[in-house]
Amino acid sequence: MTAKSMMPYVEGNSAIRAMFEEGARLAAMYGKENVYDFSLGNPSVPAPPEVNQSIMDILNTEDPLLVHGYNQSNSGYEDVRQTVAEHLNKLHGTAFTAKNIVMTVGAASGLNVAIKTLVDPGDEILAFAPYFVEYGNYAANHGAVLRAVPADTVTFQPNLEAMADMISAKTRAVIINSPNNPTGVVYSAETLRNLAKLLGEKQAEFGTDIYIISDEPYRELAYDGVDVPYVTKFYNNTVVGYSWSKSLSLPGERIGYLVFPSEMADFENAIQAANIANRVLGYVNAPTLIQRVVARCIDCSADVDAYDRNRKALYNGLVDAGYECTYPEGAFYLFVKSPMDDDVAFCAKAKEHNILIVPGKSFACPGFVRIAYCVSYDTIVNSIPAFKELMEEIKNE
């Protein structure tokens, strides 16, 4: 019999993945070109050519026992971690070394390692709605409780006023995500400064350590010169989780890292605990070949201009059709106000027009829908008439 502890996860299986599977079914029925699948944040531009070249060079020139073997440290190869640290220092004026970096199996495993390292069963984690649906599962997986801070649906910046009343002696961490999935909003320096001030005050009030876990897989996907502030510069008790899934279009390679600043509380124990967490959670160490690949490609990036083109075309097309949208500053998502009171019902009606989108309810923010525009430009252009027909149908009901 399946473990009872797993049944809530089964019952709450991701609406995003379910919609993606529905897209495959509809494409088989109507033809892929006639189905507008905006459900999954799966990069639609290829990895830069340097990635493939690096893989071949490494396989041809480096010791195969090194390339394919266990790492001496569960944190990953020291030279790779040092390369990551120096890259961050160059970009953000930080002072990290290899000892501050833990290589991870993508961002998802990184968040689980961070939670396992910092959070005890019964502790509370806060997350600002709207947030990535899996955060709740990650928290529950470690016996913690995720509490959703209500959304500021005007700016979609973190609602600090609401959060202040939710912080207690049980609060151990706050998960933030910028550029944000699902809104595309970038959290401003002022917001982060105020968040750091509030958490500092609450740490003093309760005599506890409260950590920010900053989930940053979309850091390089920012548009119009928007700056994405680096959170460790505002708050010492920060752990940064990163993935190359989006910046290098490598979601299937499962490669990322965590940053533990030396200034954070109990750093030495935390970094050792993270190493152990990496092992006991079953990851052991990040994939060895791809560690060495990303180190060689540290200054490369995927074609962000393609996402920017999609962003503008989709936003302008939907606004012209009468939809209310939050203009995204980063990532590759558009968060749209549902023209129906029930966002789940709206997504069901959209499916009748072969449009696959995800309800805001899945992100703890009902009344909105998420559209992932990491698709072909033709899909964007061809979908606009269907969106217009959908809006006209709703207006005429």
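Screening the stretch 27-79 for residues that are assigned to a loop (DSSP other than H, G, I, E, B) and among the polar types (S, T, N, Q) and picking the one that is modelled with the lowest pLDDT gives Q72. For V113, the stated conditions hold: it is of a type in the set (V, I, T), buried (at least 24 other Cβ atoms within 10 Å of the Cβ) and under 17 Å from D215 (Cβ atoms). Per the listing I255, I213, the residue uniquely in contact with a helix residue (DSSP H, G or I) (Cβ under 6 Å, 6 or more places away or on another chain), aliphatic (A, V, I, L, M) and more than 20 Å from A127 (Cβ to Cβ) is I255.
The single condition from (1) within 19 Å of A129 (Cβ to Cβ); (2) at pLDDT 95 or above that D305 fails is (1). Can you tell me which residue in the stretch 116-135 is surrounded by the fewest Cβ atoms within 10 Å (Cβ to Cβ), limited to those that are over 17 Å from A265 (Cβ atoms) and of a type in the set (D, E)? Within the stretch 116-135, the match that is surrounded by the fewest Cβ atoms within 10 Å (Cβ to Cβ) is E134. In the set (1) in contact with a Pro (Cβ under 9 Å, 6 or more places away or on another chain); (2) under 26 Å from S54 (Cβ atoms); (3) free of Cβ contacts under 8 Å to residues at least 12 places away in the same chain, the condition left unmet by F267 is number (2).
L160 meets the conditions (1) within 17 Å of A364 (Cα to Cα); (2) buried (at least 17 other Cβ atoms within 10 Å of the Cβ) in every case but one. The failed one is (2). Within the stretch 55-109, the residues that satisfy the criterion of being charged (D, E, K, R), in contact (Cβ under 8 Å) with a residue 60 or more places away in the chain and surrounded by 13 or more Cβ atoms within 10 Å (Cβ to Cβ) are D57, E62, R81, K99.
Could you tell me which residue of the stretch 324-364 is farthest from S39 (Cα to Cα), considering only residues that are in contact with a helix residue (DSSP H, G or I) (Cβ under 7 Å, 6 or more places away or on another chain) and aromatic (F, W, Y)? Ranking the qualifying residues of the stretch 324-364, first place goes to Y327. Reported count of residues in the stretch 324-358, each being crowded, with 22+ Cβ neighbours inside 10 Å, in a loop (DSSP other than H, G, I, E, B) and of a type outside the set (G, A, S), is 4.
Against the test of being assigned to a helix (DSSP H, G or I), in contact with a Pro (Cβ under 7 Å, 6 or more places away or on another chain) and closer than 20 Å to F260 by Cα, the options A114, A107 yield a single qualifying residue, A107.
The values are calculated or read from the model by the stated rules, or taken from the named source; none is laboratory data. Note that this is a predicted model, so its numbers are computed, not measured. All Cβ positions, even for glycine, are placed from backbone atoms using ideal geometry, and neighbour counts span all protein chains on display.
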